[in-house]
Amino acid sequence: MPHSPARLIPEGFSAIPSLDAVPFVSVVGDLDASKLDTIALLVTSDGELPPGIALDRKQLARAGFEAEPGSTLVLPGGERPRVLVGLGPSGELDVTALRDAAAAAGRATTRFSRVGVRDPGVGTSDAAAAGQALAEGVILSRYRYSPLQRAPKDTRLERVELLIDGIDRVAASRGVRAGVITARATNLARDLSNTPPGHLTAADLADVAVALGSRFGFDVEVFDRAQLIELGCGGLLGVNAGSAEEPRMVKLHYSPPEGSTGHLGLVGKGIMYDSGGISLKPSDPMHLLMTMDMGGAASVLATFTALRALRATATVTGWLMCTDNMPSGSAYKLGDVLTARGGTTVEVKNTDAEGRLALMDALVLANEEGVDAIVDIATLTGAALMALGPSIAAVIGNDATLLRRVKEAAATADEPVWELPLEKRYRKQLDSDVADISNLGGPYAGATTAALFLAEFVGETPWAHLDIAGTMQSEKDESWRSKGATGFGTRILIDVARAFQPFR
Ligand code: BES
Ligand code: ZN
Ligand code: ZN
(Lines give C-alpha, C1' and ligand atoms only; values in the text may rest on other atoms or scores of the structure.)
(Ligands and ions follow the chains in the order given, each with its own letter.)
Protein backbone atom coordinates (compact mmCIF):
# COMPACT_ATOMS: atom_id res chain seq x y z
CA MET A 1 0.00 0.00 0.00
CA PRO A 2 1.61 3.30 -1.05
CA HIS A 3 1.86 5.86 1.69
CA SER A 4 2.21 9.63 1.54
CA PRO A 5 5.35 11.31 2.94
CA ALA A 6 3.27 12.33 5.93
CA ARG A 7 3.37 8.65 6.91
CA LEU A 8 6.88 9.21 8.27
CA ILE A 9 5.24 9.43 11.66
CA PRO A 10 7.22 9.95 14.86
CA GLU A 11 7.77 6.80 16.90
CA GLY A 12 5.11 6.34 19.55
CA PHE A 13 2.64 8.73 17.90
CA SER A 14 -0.89 8.28 19.22
CA ALA A 15 -4.11 9.38 17.54
CA ILE A 16 -5.80 9.48 20.96
CA PRO A 17 -3.30 11.26 23.25
CA SER A 18 -5.85 12.76 25.65
CA LEU A 19 -7.22 9.36 26.64
CA ASP A 20 -4.35 8.83 29.02
CA ALA A 21 -4.27 12.43 30.20
CA VAL A 22 -7.61 12.50 32.03
CA PRO A 23 -7.37 14.49 35.28
CA PHE A 24 -8.43 13.08 38.62
CA VAL A 25 -11.58 14.94 39.67
CA SER A 26 -13.13 14.66 43.13
CA VAL A 27 -15.85 16.29 45.19
CA VAL A 28 -14.44 17.36 48.53
CA GLY A 29 -15.79 18.66 51.83
CA ASP A 30 -13.05 21.24 52.01
CA LEU A 31 -10.36 22.43 49.60
CA ASP A 32 -6.93 21.24 50.69
CA ALA A 33 -4.76 24.15 49.56
CA SER A 34 -1.55 22.18 50.10
CA LYS A 35 -2.57 19.78 47.32
CA LEU A 36 -3.57 22.56 44.93
CA ASP A 37 -1.74 25.14 42.81
CA THR A 38 -4.65 27.55 42.54
CA ILE A 39 -8.29 27.92 43.53
CA ALA A 40 -11.11 29.30 41.39
CA LEU A 41 -14.06 30.76 43.29
CA LEU A 42 -17.35 30.90 41.41
CA VAL A 43 -19.26 34.04 42.32
CA THR A 44 -22.88 35.02 41.67
CA SER A 45 -23.58 38.69 40.92
CA ASP A 46 -25.95 38.85 43.90
CA GLY A 47 -26.01 37.35 47.39
CA GLU A 48 -22.98 36.61 49.49
CA LEU A 49 -19.38 36.52 48.33
CA PRO A 50 -17.40 33.34 49.00
CA PRO A 51 -15.65 33.42 52.40
CA GLY A 52 -12.07 34.65 52.69
CA ILE A 53 -12.21 37.44 50.14
CA ALA A 54 -10.80 40.64 51.59
CA LEU A 55 -12.69 42.84 49.13
CA ASP A 56 -16.36 43.77 49.09
CA ARG A 57 -18.61 44.03 46.01
CA LYS A 58 -17.82 47.73 45.51
CA GLN A 59 -14.09 47.13 45.55
CA LEU A 60 -14.43 44.18 43.22
CA ALA A 61 -16.51 46.32 40.85
CA ARG A 62 -13.78 48.97 40.90
CA ALA A 63 -11.32 46.24 39.93
CA GLY A 64 -13.62 45.53 36.98
CA PHE A 65 -15.29 42.38 38.34
CA GLU A 66 -19.08 42.35 38.57
CA ALA A 67 -19.48 38.56 38.41
CA GLU A 68 -20.88 38.69 34.89
CA PRO A 69 -21.04 35.18 33.38
CA GLY A 70 -17.59 34.10 32.27
CA SER A 71 -15.77 37.15 33.66
CA THR A 72 -12.66 36.51 35.77
CA LEU A 73 -10.45 38.39 38.21
CA VAL A 74 -7.13 37.13 39.54
CA LEU A 75 -6.71 38.00 43.22
CA PRO A 76 -3.07 38.96 43.73
CA GLY A 77 -0.89 37.63 46.53
CA GLY A 78 0.26 34.30 47.93
CA GLU A 79 1.96 31.46 46.10
CA ARG A 80 -1.42 29.99 45.33
CA PRO A 81 -3.27 32.69 43.45
CA ARG A 82 -7.03 32.66 43.59
CA VAL A 83 -9.28 33.51 40.67
CA LEU A 84 -12.82 34.82 40.87
CA VAL A 85 -15.14 33.57 38.14
CA GLY A 86 -18.52 35.19 37.49
CA LEU A 87 -21.71 33.12 37.45
CA GLY A 88 -24.16 35.95 36.82
CA PRO A 89 -27.44 36.32 38.73
CA SER A 90 -28.30 33.39 40.99
CA GLY A 91 -31.87 33.33 39.65
CA GLU A 92 -30.66 32.47 36.13
CA LEU A 93 -28.31 29.63 37.00
CA ASP A 94 -28.71 26.33 35.18
CA VAL A 95 -26.34 23.52 34.20
CA THR A 96 -25.22 25.43 31.13
CA ALA A 97 -24.26 28.44 33.25
CA LEU A 98 -22.36 26.14 35.62
CA ARG A 99 -20.52 24.44 32.77
CA ASP A 100 -19.68 27.85 31.27
CA ALA A 101 -18.32 29.09 34.61
CA ALA A 102 -16.30 25.91 35.14
CA ALA A 103 -14.89 26.34 31.65
CA ALA A 104 -13.98 29.96 32.42
CA ALA A 105 -12.29 28.70 35.60
CA GLY A 106 -10.36 26.13 33.57
CA ARG A 107 -9.17 28.78 31.13
CA ALA A 108 -8.26 31.27 33.86
CA THR A 109 -5.99 28.65 35.46
CA THR A 110 -4.28 27.17 32.39
CA ARG A 111 -0.79 27.53 33.89
CA PHE A 112 -1.64 25.19 36.76
CA SER A 113 -2.03 21.43 36.95
CA ARG A 114 -3.82 21.10 40.32
CA VAL A 115 -6.92 23.26 40.47
CA GLY A 116 -9.56 23.72 43.16
CA VAL A 117 -13.01 25.04 42.28
CA ARG A 118 -15.50 26.32 44.82
CA ASP A 119 -19.10 26.62 43.73
CA PRO A 120 -21.68 28.37 45.97
CA GLY A 121 -24.18 25.59 45.26
CA VAL A 122 -27.02 27.92 44.32
CA GLY A 123 -29.40 27.19 41.48
CA THR A 124 -28.32 23.55 41.57
CA SER A 125 -31.16 21.44 42.93
CA ASP A 126 -29.84 18.45 40.95
CA ALA A 127 -26.47 17.73 42.53
CA ALA A 128 -25.53 15.05 39.99
CA ALA A 129 -26.27 17.35 37.05
CA ALA A 130 -24.27 20.13 38.69
CA GLY A 131 -21.29 17.85 39.32
CA GLN A 132 -21.40 16.59 35.75
CA ALA A 133 -21.53 20.09 34.27
CA LEU A 134 -18.67 21.34 36.45
CA ALA A 135 -16.44 18.39 35.55
CA GLU A 136 -17.24 18.74 31.85
CA GLY A 137 -16.55 22.49 31.87
CA VAL A 138 -13.15 22.22 33.49
CA ILE A 139 -11.90 19.22 31.51
CA LEU A 140 -13.21 20.30 28.10
CA SER A 141 -11.88 23.85 28.45
CA ARG A 142 -8.37 22.57 29.16
CA TYR A 143 -8.19 20.47 26.01
CA ARG A 144 -5.27 21.18 23.68
CA TYR A 145 -4.07 19.24 20.66
CA SER A 146 -0.29 19.09 20.92
CA PRO A 147 1.09 15.60 20.13
CA LEU A 148 2.84 16.94 17.02
CA GLN A 149 4.60 19.81 18.79
CA ARG A 150 8.08 19.27 20.15
CA ALA A 151 7.55 21.78 22.95
CA PRO A 152 3.85 22.04 23.79
CA LYS A 153 3.02 25.27 25.60
CA ASP A 154 0.18 23.93 27.70
CA THR A 155 0.31 22.70 31.28
CA ARG A 156 -1.44 19.40 31.76
CA LEU A 157 -4.40 19.40 34.14
CA GLU A 158 -3.82 16.59 36.63
CA ARG A 159 -6.09 17.12 39.57
CA VAL A 160 -9.37 18.96 40.17
CA GLU A 161 -11.05 19.32 43.55
CA LEU A 162 -14.63 20.55 43.60
CA LEU A 163 -16.18 22.08 46.66
CA ILE A 164 -19.89 22.66 46.21
CA ASP A 165 -21.46 24.37 49.19
CA GLY A 166 -24.48 22.70 50.79
CA ILE A 167 -24.78 19.91 48.26
CA ASP A 168 -25.39 16.14 48.46
CA ARG A 169 -21.82 15.00 47.95
CA VAL A 170 -22.69 11.44 46.99
CA ALA A 171 -24.97 12.58 44.18
CA ALA A 172 -22.48 15.25 43.11
CA SER A 173 -19.69 12.65 42.97
CA ARG A 174 -21.84 10.42 40.81
CA GLY A 175 -22.36 13.35 38.45
CA VAL A 176 -18.67 14.19 38.44
CA ARG A 177 -17.84 10.63 37.49
CA ALA A 178 -20.31 10.85 34.58
CA GLY A 179 -18.83 14.21 33.57
CA VAL A 180 -15.31 12.80 33.51
CA ILE A 181 -16.54 9.98 31.26
CA THR A 182 -18.42 12.25 28.83
CA ALA A 183 -15.56 14.78 28.71
CA ARG A 184 -13.01 12.02 28.17
CA ALA A 185 -15.12 10.71 25.27
CA THR A 186 -15.49 14.20 23.79
CA ASN A 187 -11.74 14.80 23.98
CA LEU A 188 -11.16 11.46 22.30
CA ALA A 189 -13.43 12.54 19.43
CA ARG A 190 -11.49 15.82 19.26
CA ASP A 191 -8.16 13.99 19.11
CA LEU A 192 -9.36 11.84 16.22
CA SER A 193 -10.70 14.86 14.32
CA ASN A 194 -7.58 16.94 14.97
CA THR A 195 -5.21 14.18 13.84
CA PRO A 196 -3.90 15.05 10.35
CA PRO A 197 -5.17 12.83 7.52
CA GLY A 198 -1.74 11.36 6.83
CA HIS A 199 -1.58 10.24 10.44
CA LEU A 200 -5.01 8.66 10.53
CA THR A 201 -6.19 6.66 7.53
CA ALA A 202 -9.40 4.63 7.46
CA ALA A 203 -7.36 1.53 8.32
CA ASP A 204 -5.71 3.37 11.22
CA LEU A 205 -9.09 4.44 12.58
CA ALA A 206 -10.28 0.83 12.44
CA ASP A 207 -7.19 -0.19 14.43
CA VAL A 208 -7.92 2.49 17.00
CA ALA A 209 -11.52 1.23 17.27
CA VAL A 210 -10.34 -2.34 17.88
CA ALA A 211 -8.03 -1.19 20.67
CA LEU A 212 -10.77 0.95 22.25
CA GLY A 213 -13.25 -1.90 22.04
CA SER A 214 -11.18 -4.22 24.17
CA ARG A 215 -10.37 -1.46 26.64
CA PHE A 216 -13.91 -0.09 27.03
CA GLY A 217 -16.02 -3.20 26.59
CA PHE A 218 -17.61 -3.20 23.16
CA ASP A 219 -17.26 -5.49 20.14
CA VAL A 220 -15.60 -4.28 16.98
CA GLU A 221 -15.88 -5.86 13.55
CA VAL A 222 -13.80 -4.41 10.72
CA PHE A 223 -14.75 -4.76 7.04
CA ASP A 224 -12.05 -4.22 4.42
CA ARG A 225 -12.46 -3.58 0.70
CA ALA A 226 -13.01 -7.22 -0.21
CA GLN A 227 -15.64 -7.64 2.50
CA LEU A 228 -17.36 -4.40 1.46
CA ILE A 229 -17.58 -5.74 -2.09
CA GLU A 230 -19.08 -8.90 -0.64
CA LEU A 231 -21.65 -6.81 1.27
CA GLY A 232 -22.46 -4.70 -1.78
CA CYS A 233 -21.56 -1.38 -0.17
CA GLY A 234 -21.30 0.49 -3.46
CA GLY A 235 -21.49 3.91 -1.84
CA LEU A 236 -18.48 3.61 0.41
CA LEU A 237 -16.57 1.76 -2.32
CA GLY A 238 -17.45 4.40 -4.92
CA VAL A 239 -16.18 7.25 -2.77
CA ASN A 240 -13.02 5.25 -2.03
CA ALA A 241 -12.27 4.50 -5.69
CA GLY A 242 -9.85 7.42 -6.15
CA SER A 243 -7.86 6.76 -3.02
CA ALA A 244 -4.52 5.05 -2.49
CA GLU A 245 -5.81 3.98 0.92
CA GLU A 246 -8.29 1.18 1.52
CA PRO A 247 -11.74 1.93 2.93
CA ARG A 248 -12.99 0.48 6.18
CA MET A 249 -16.42 -0.03 7.59
CA VAL A 250 -16.20 -0.44 11.35
CA LYS A 251 -19.13 -2.04 13.12
CA LEU A 252 -19.37 -1.47 16.86
CA HIS A 253 -21.63 -3.31 19.26
CA TYR A 254 -22.42 -2.78 22.91
CA SER A 255 -24.78 -4.98 24.91
CA PRO A 256 -25.82 -4.05 28.43
CA PRO A 257 -24.77 -6.43 31.21
CA GLU A 258 -28.37 -7.45 31.93
CA GLY A 259 -31.56 -7.08 29.93
CA SER A 260 -31.88 -4.31 27.38
CA THR A 261 -34.18 -1.32 27.23
CA GLY A 262 -33.99 -1.09 23.44
CA HIS A 263 -31.69 -1.18 20.43
CA LEU A 264 -30.23 2.02 18.98
CA GLY A 265 -28.25 2.27 15.75
CA LEU A 266 -25.62 4.99 15.34
CA VAL A 267 -24.07 5.83 11.97
CA GLY A 268 -21.08 8.15 11.53
CA LYS A 269 -19.59 9.77 8.43
CA GLY A 270 -15.90 8.93 8.41
CA ILE A 271 -14.41 10.82 5.49
CA MET A 272 -10.79 10.91 6.64
CA TYR A 273 -10.12 13.72 4.20
CA ASP A 274 -12.54 15.31 1.75
CA SER A 275 -10.76 16.81 -1.26
CA GLY A 276 -14.08 16.90 -3.10
CA GLY A 277 -12.82 14.20 -5.47
CA ILE A 278 -13.09 15.04 -9.18
CA SER A 279 -15.41 17.91 -8.07
CA LEU A 280 -12.25 19.24 -6.40
CA LYS A 281 -12.64 21.82 -3.65
CA PRO A 282 -10.82 25.15 -4.04
CA SER A 283 -7.71 25.63 -1.86
CA ASP A 284 -9.39 28.06 0.52
CA PRO A 285 -9.33 27.80 4.31
CA MET A 286 -12.46 25.64 4.23
CA HIS A 287 -10.52 22.94 2.36
CA LEU A 288 -8.04 22.80 5.24
CA LEU A 289 -10.91 21.83 7.56
CA MET A 290 -11.69 18.72 5.55
CA THR A 291 -9.31 16.71 7.69
CA MET A 292 -12.18 16.86 10.19
CA ASP A 293 -14.70 15.35 7.79
CA MET A 294 -14.71 12.25 9.98
CA GLY A 295 -16.07 14.14 12.99
CA GLY A 296 -19.31 12.15 12.89
CA ALA A 297 -17.50 8.79 12.99
CA ALA A 298 -15.26 10.16 15.75
CA SER A 299 -18.22 11.03 17.94
CA VAL A 300 -19.92 7.66 17.36
CA LEU A 301 -16.72 5.81 18.28
CA ALA A 302 -16.22 8.08 21.30
CA THR A 303 -19.79 7.39 22.43
CA PHE A 304 -19.04 3.68 22.65
CA THR A 305 -16.14 4.35 25.05
CA ALA A 306 -18.66 5.77 27.54
CA LEU A 307 -21.39 3.13 27.47
CA ARG A 308 -20.07 0.44 29.80
CA ALA A 309 -18.60 3.02 32.17
CA LEU A 310 -22.03 4.68 32.44
CA ARG A 311 -23.74 1.28 32.75
CA ALA A 312 -25.84 2.00 29.70
CA THR A 313 -29.03 -0.07 29.64
CA ALA A 314 -29.62 -0.12 25.87
CA THR A 315 -28.10 -2.24 23.13
CA VAL A 316 -26.18 0.00 20.75
CA THR A 317 -24.80 -0.86 17.33
CA GLY A 318 -22.65 1.59 15.40
CA TRP A 319 -21.34 1.86 11.85
CA LEU A 320 -18.36 4.05 10.95
CA MET A 321 -18.07 4.60 7.20
CA CYS A 322 -14.43 5.40 6.61
CA THR A 323 -12.46 6.43 3.54
CA ASP A 324 -10.94 9.55 2.13
CA ASN A 325 -12.41 11.23 -0.94
CA MET A 326 -9.65 11.74 -3.49
CA PRO A 327 -9.33 12.57 -7.19
CA SER A 328 -7.18 10.22 -9.24
CA GLY A 329 -7.23 8.15 -12.40
CA SER A 330 -9.32 5.57 -10.62
CA ALA A 331 -11.67 8.03 -8.92
CA TYR A 332 -15.42 7.85 -9.34
CA LYS A 333 -16.69 10.29 -11.90
CA LEU A 334 -19.60 12.62 -12.44
CA GLY A 335 -22.19 10.55 -14.25
CA ASP A 336 -21.12 7.29 -12.64
CA VAL A 337 -23.93 5.23 -11.16
CA LEU A 338 -23.27 3.55 -7.81
CA THR A 339 -25.35 0.72 -6.40
CA ALA A 340 -26.07 0.91 -2.69
CA ARG A 341 -26.44 -2.11 -0.47
CA GLY A 342 -30.01 -3.23 -1.11
CA GLY A 343 -29.87 -2.32 -4.79
CA THR A 344 -30.81 1.36 -5.00
CA THR A 345 -28.90 2.96 -7.90
CA VAL A 346 -27.45 6.45 -7.46
CA GLU A 347 -26.28 8.80 -10.17
CA VAL A 348 -23.24 10.77 -9.05
CA LYS A 349 -23.75 14.38 -10.10
CA ASN A 350 -21.12 15.77 -7.74
CA THR A 351 -18.32 13.77 -6.18
CA ASP A 352 -18.09 16.29 -3.33
CA ALA A 353 -21.53 15.16 -2.09
CA GLU A 354 -19.75 11.99 -0.95
CA GLY A 355 -20.91 11.84 2.67
CA ARG A 356 -24.45 10.76 1.79
CA LEU A 357 -23.02 8.04 -0.48
CA ALA A 358 -20.83 6.63 2.27
CA LEU A 359 -23.74 6.77 4.73
CA MET A 360 -26.42 5.15 2.57
CA ASP A 361 -24.95 1.64 2.83
CA ALA A 362 -24.77 1.91 6.62
CA LEU A 363 -28.38 3.10 6.89
CA VAL A 364 -29.50 0.04 4.93
CA LEU A 365 -27.38 -2.21 7.17
CA ALA A 366 -28.80 -0.59 10.31
CA ASN A 367 -32.29 -1.26 9.00
CA GLU A 368 -31.46 -4.88 8.24
CA GLU A 369 -30.14 -5.21 11.79
CA GLY A 370 -33.62 -4.37 13.06
CA VAL A 371 -32.63 -1.50 15.35
CA ASP A 372 -35.48 0.40 17.01
CA ALA A 373 -34.14 3.78 15.86
CA ILE A 374 -31.22 5.24 13.95
CA VAL A 375 -29.27 8.41 14.68
CA ASP A 376 -26.69 9.40 12.09
CA ILE A 377 -24.13 12.14 12.54
CA ALA A 378 -22.19 13.73 9.71
CA THR A 379 -20.24 16.79 8.63
CA LEU A 380 -22.58 16.70 5.69
CA THR A 381 -23.32 20.07 4.13
CA GLY A 382 -21.90 23.58 3.94
CA ALA A 383 -25.59 24.54 3.82
CA ALA A 384 -26.03 23.57 7.49
CA LEU A 385 -23.19 25.95 8.37
CA MET A 386 -24.72 28.70 6.23
CA ALA A 387 -28.16 28.24 7.80
CA LEU A 388 -27.26 27.91 11.48
CA GLY A 389 -23.67 29.12 11.88
CA PRO A 390 -20.85 27.53 13.83
CA SER A 391 -22.66 27.07 17.17
CA ILE A 392 -25.82 25.19 16.19
CA ALA A 393 -26.12 21.87 14.39
CA ALA A 394 -29.01 20.93 12.13
CA VAL A 395 -31.25 18.05 13.12
CA ILE A 396 -33.63 16.51 10.62
CA GLY A 397 -35.67 13.35 10.95
CA ASN A 398 -38.83 11.36 10.37
CA ASP A 399 -40.03 10.83 13.94
CA ALA A 400 -41.18 13.57 16.32
CA THR A 401 -40.53 11.55 19.48
CA LEU A 402 -36.96 10.70 18.54
CA LEU A 403 -36.36 14.30 17.45
CA ARG A 404 -37.69 15.54 20.80
CA ARG A 405 -35.34 13.16 22.62
CA VAL A 406 -32.34 14.42 20.59
CA LYS A 407 -33.29 18.05 21.24
CA GLU A 408 -33.58 17.43 24.98
CA ALA A 409 -30.16 15.78 25.06
CA ALA A 410 -28.73 18.65 23.03
CA ALA A 411 -30.09 21.22 25.47
CA THR A 412 -28.71 19.35 28.48
CA ALA A 413 -25.30 18.99 26.86
CA ASP A 414 -25.23 22.57 25.53
CA GLU A 415 -24.57 21.12 22.10
CA PRO A 416 -27.36 23.16 20.49
CA VAL A 417 -29.39 21.82 17.59
CA TRP A 418 -32.18 23.29 15.50
CA GLU A 419 -34.64 21.27 13.47
CA LEU A 420 -34.80 21.78 9.72
CA PRO A 421 -37.67 20.26 7.73
CA LEU A 422 -37.62 16.99 5.83
CA GLU A 423 -39.64 18.72 3.10
CA LYS A 424 -40.99 16.09 0.72
CA ARG A 425 -41.69 18.76 -1.92
CA TYR A 426 -37.95 19.09 -2.51
CA ARG A 427 -37.49 15.37 -3.12
CA LYS A 428 -37.85 15.75 -6.88
CA GLN A 429 -34.63 17.79 -6.96
CA LEU A 430 -32.90 14.45 -6.42
CA ASP A 431 -34.55 12.78 -9.42
CA SER A 432 -32.22 11.16 -11.93
CA ASP A 433 -32.79 10.30 -15.59
CA VAL A 434 -30.58 7.22 -15.41
CA ALA A 435 -30.72 5.94 -11.83
CA ASP A 436 -33.18 5.66 -8.92
CA ILE A 437 -31.90 8.87 -7.35
CA SER A 438 -29.06 11.37 -7.75
CA ASN A 439 -26.74 12.60 -5.01
CA LEU A 440 -27.19 16.29 -5.79
CA GLY A 441 -30.07 18.62 -4.93
CA GLY A 442 -30.64 22.18 -6.12
CA PRO A 443 -28.86 25.33 -5.01
CA TYR A 444 -31.08 25.94 -1.96
CA ALA A 445 -31.96 24.04 1.23
CA GLY A 446 -28.90 21.85 0.85
CA ALA A 447 -29.11 20.39 4.36
CA THR A 448 -32.70 19.34 3.70
CA THR A 449 -32.04 17.79 0.28
CA ALA A 450 -29.07 15.86 1.76
CA ALA A 451 -31.39 14.54 4.49
CA LEU A 452 -34.05 13.66 1.89
CA PHE A 453 -31.40 11.56 0.16
CA LEU A 454 -30.57 9.74 3.42
CA ALA A 455 -34.28 9.24 4.16
CA GLU A 456 -34.51 6.98 1.09
CA PHE A 457 -32.38 4.41 2.92
CA VAL A 458 -33.84 4.40 6.44
CA GLY A 459 -37.17 2.84 5.50
CA GLU A 460 -39.80 3.05 8.24
CA THR A 461 -37.32 3.13 11.11
CA PRO A 462 -37.48 6.21 13.37
CA TRP A 463 -34.44 8.23 12.34
CA ALA A 464 -32.71 11.48 13.25
CA HIS A 465 -29.85 13.01 11.31
CA LEU A 466 -27.37 15.44 12.85
CA ASP A 467 -25.55 17.67 10.35
CA ILE A 468 -22.51 18.93 12.26
CA ALA A 469 -20.68 20.60 9.35
CA GLY A 470 -20.87 23.95 11.15
CA THR A 471 -20.22 22.82 14.70
CA MET A 472 -17.41 20.29 14.18
CA GLN A 473 -14.75 22.89 14.82
CA SER A 474 -14.36 26.19 16.59
CA GLU A 475 -12.22 29.11 15.53
CA LYS A 476 -11.77 30.19 19.12
CA ASP A 477 -11.88 29.02 22.72
CA GLU A 478 -15.45 29.55 23.89
CA SER A 479 -16.92 27.93 27.00
CA TRP A 480 -16.53 24.15 26.67
CA ARG A 481 -15.40 24.45 23.06
CA SER A 482 -11.67 24.63 22.60
CA LYS A 483 -10.11 25.93 19.40
CA GLY A 484 -10.02 23.21 16.75
CA ALA A 485 -12.21 20.12 16.66
CA THR A 486 -15.07 20.37 19.17
CA GLY A 487 -16.15 16.73 19.45
CA PHE A 488 -19.68 18.11 18.95
CA GLY A 489 -22.41 15.52 19.19
CA THR A 490 -20.55 13.11 21.43
CA ARG A 491 -22.41 14.18 24.57
CA ILE A 492 -25.76 14.23 22.72
CA LEU A 493 -25.24 10.67 21.49
CA ILE A 494 -24.13 9.41 24.89
CA ASP A 495 -27.24 10.89 26.50
CA VAL A 496 -29.59 9.49 23.83
CA ALA A 497 -27.90 6.06 23.86
CA ARG A 498 -27.49 5.55 27.63
CA ALA A 499 -31.03 4.57 28.49
CA PHE A 500 -32.53 4.42 25.00
CA GLN A 501 -36.07 3.03 24.79
CA PRO A 502 -38.10 2.46 21.63
CA PHE A 503 -41.30 4.44 21.37
CA ARG A 504 -43.29 2.94 18.52
N1 BES B 1 -17.68 17.67 3.95
C2 BES B 1 -18.45 18.54 3.15
C3 BES B 1 -19.37 19.45 3.99
C4 BES B 1 -18.71 20.47 4.87
C5 BES B 1 -18.61 21.77 4.45
C6 BES B 1 -18.28 20.14 6.13
C7 BES B 1 -18.06 22.72 5.29
C8 BES B 1 -17.73 21.08 6.96
C9 BES B 1 -17.61 22.37 6.55
C10 BES B 1 -19.34 17.74 2.23
O11 BES B 1 -18.85 16.52 1.80
C12 BES B 1 -19.56 18.57 1.01
O13 BES B 1 -18.60 18.88 0.35
N14 BES B 1 -20.80 18.92 0.75
C15 BES B 1 -21.15 19.71 -0.38
C16 BES B 1 -22.41 19.13 -0.95
C17 BES B 1 -22.81 19.71 -2.26
C18 BES B 1 -21.81 19.34 -3.33
C19 BES B 1 -24.18 19.20 -2.63
C20 BES B 1 -21.40 21.13 0.10
O21 BES B 1 -21.93 21.32 1.18
O22 BES B 1 -21.01 22.04 -0.63
ZN1 ZN C 1 -17.62 16.65 0.07
ZN1 ZN D 1 -17.49 15.60 3.13
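Mean separation of Cα pairs under 8 Å and 6 or more residues apart, divided by the residue count, gives the chain a relative contact order of 15 percent.
With the charge dipole of the chain set up from +1 on Lys and Arg Cβ and -1 on Asp and Glu Cβ about the Cα centre, the Cα lying farthest toward the positive end among the listed residues SER125, GLN149, PHE304 is that of GLN149.
With kT/(6 pi eta Rh) evaluated at 20 °C and eta = 1.002 mPa s, and Rh the Kirkwood radius from Cα pairs, the range 350-504 diffuses with a coefficient of 135 µm²/s according to Stokes-Einstein.
Shape verdict for the range 200-327, please, from the Cα gyration tensor: rounded (a/c under 1.5), prolate (a/b greater than b/c) or oblate.
Because a/c hits 1.5 or more and a/b exceeds b/c, the range 200-327 counts as prolate.
Sorted into 10 angstrom bins from 0, the C-alpha pair distances of the range 5-182 split as 10, 38, 32, 13, 5, 1, 0 percent.
Over the Cα atoms of the range 112-266, each weighted equally, I'd like the Debye log10 I(q)/I(0) at q = 0.10, 0.13, 0.17 Å⁻¹, rounded to two decimals. Rounded to two decimals, the profile gives -0.56, -0.85, -1.11.
In units of the compact-protein estimate 2.2 N^0.38 Å, the range 268-385 shows a Cα radius of gyration of 1.16.
In this simple spin-label approximation, LYS35 and GLN501 carry label points 7 Å from Cα along the Cα→Cβ vector, and these lie 3.9 nm apart. Pair-distance distribution of the range 207-260: all C-alpha pairs, bin width 10 Å, starting at 0; shares per bin in whole percent are 22, 40, 28, 9, 1. Note on the range 116-208: percent of Cα-Cα distances in each 5 Å bin, starting at 0 and stopping at the bin with the largest distance, equals 3, 13, 19, 18, 14, 12, 9, 7, 5, 1, 0. Which Cα, out of THR486, GLY179, VAL83, lies furthest along the positive dipole direction of the chain (beta carbon charges, K/R +1, D/E -1)? After comparing all options, I get VAL83.
Applying both filters, DSSP loop and at most 14 other Cβ atoms within 10 Å, to the trypsin sites (Lys or Arg not before Pro) of the range 228-313 gives ARG311.
Global size of the chain: 23.3, 77 Å for Rg and Dmax (C-alpha atoms, Rg to one decimal, Dmax whole). Computed over protein heavy atoms with a 1.4 Å probe, the carbon and sulfur contribution to the accessible area of the chain reaches 52%.
The values are calculated or read from the model by the stated rules, or taken from the named source; none is laboratory data. Note that this is a predicted model, so its numbers are computed, not measured. Quick reminder, even Gly has a Cβ in these numbers, built from the backbone with ideal geometry, and neighbours come from all protein chains shown. Surface accessibility is based on the protein's heavy atoms, side chains included, excluding ligands, DNA and RNA. Shrake-Rupley method; radii C 1.70, N 1.55, O 1.52, S 1.80 Å.
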